[in-house]
Amino acid sequence: MAFLDKKGRLFGKISVLDLSLVCLLLLVLVGTLLIPGRSGQSVVQAQLNTKPVEIDAIVIGLNASNPNDILKAGDTTSIIIRNQPYGEIRLKKVQPLPKTVTASQPDGTVKAFPDPRPESRYSNNFVLTLEGKGQLTKEGPVLGNIPVKVGVPLDLDGKLYNFRASIIDVRVQE
């Protein structure tokens, strides 16, 4: 008995086309379960134990006339971490930072005073606390498939805004 006969069957019983179709279906099934899609999480990852992760991000020089109208605690926003979309995350806290200028004093000390320049009202600084779900790996917290660490750039994208922030603290909640 030949390995492959004239009709394209293995050992005269199984068609090569049928066997290749079964292999293709198995590959599709494995790919669907293990490889992440647009959401950033595969089915297997979604079943893993996830924990709440809080991220503090600093925004310097946000040019907006009234940022308190567009950034509100409790709202959700889309984020992009290291140029990879993560999805929706909740704005837990929005803390404005004071706008100050430093002035040298005659005795050599330095004091901070409110910025008197009229254009400074359009440049705003904030610390944002973001809350989402992530996994804890040996390298640290991961949101989707993206590790989050201090110093990593973060883009926030909402209905009325799109700006960049930088992560200054990451906390995993128990």
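The values are calculated or read from the model by the stated rules, or taken from the named source; none is laboratory data. What you see is a predicted model, and the numbers here were worked out from it, not measured in a lab. Glycine gets a Cβ as well: all are built from the backbone with ideal geometry, and neighbour counts include every protein chain shown.
Does any residue of the range 98-121 turn out to be aromatic (F, W, Y), surrounded by 10 or more Cβ atoms within 10 Å (Cβ to Cβ) and out of contact with any helix residue (DSSP H, G or I) (no Cβ under 9 Å at 6 or more places or on another chain)? No: the range 98-121 contains no residue that is aromatic (F, W, Y), surrounded by 10 or more Cβ atoms within 10 Å (Cβ to Cβ) and out of contact with any helix residue (DSSP H, G or I) (no Cβ under 9 Å at 6 or more places or on another chain).
If you go through the range 119-159 and keep only what is over 14 Å from I55 (Cβ atoms), of a type in the set (G, A, S) and in contact with a Ser or Thr (Cβ under 7 Å, 6 or more places away or on another chain), you end up with just G158. Inside the range 122-157, residues that are touching a residue at least 60 places away in the same chain (Cβ under 8 Å), among the hydroxyl-bearing types (S, T, Y) and loosely packed, with under 13 Cβ neighbours inside 10 Å make up a count of 0. Of the residues making up the range 138-159, those that are at pLDDT 85 or above and over 16 Å from R82 (Cα atoms) are G158, K159. Here are some conditions: (1) among the aliphatic types (A, V, I, L, M); (2) more than 15 Å from L62 (Cα to Cα); (3) surrounded by fewer than 16 Cβ atoms within 10 Å (Cβ to Cβ). L160 meets all but one. Which one does it not meet? So L160 meets the others, but not (2).
The numbered conditions (1) at pLDDT below 80; (2) among the basic types (K, R); (3) closer than 20 Å to V148 by Cβ are all true for R9 except (3).
Restricting the search to the range 123-157, which residues are polar (S, T, N, Q) and more than 26 Å from G61 (Cα to Cα)? Walk me through how you get there before you give the answer.
In the first step, residues of the range 123-157 are kept if they are polar (S, T, N, Q); the result is 123-125, 129, 135, 137, 145.
Passing the criteria: Q135, T137, N145.
Considering the conditions (1) surrounded by 12 or more Cβ atoms within 10 Å (Cβ to Cβ); (2) modelled with pLDDT under 90; (3) β-branched (V, I, T), I89 is excluded by exactly one of them, (2).
If the condition is being over 12 Å from R82 (Cα atoms) and in contact (Cβ under 8 Å) with a residue 40 or more places away in the chain, then the range 160-174 contributes L160, Y161, F163, I168, D169, V170, R171, V172, Q173, E174.
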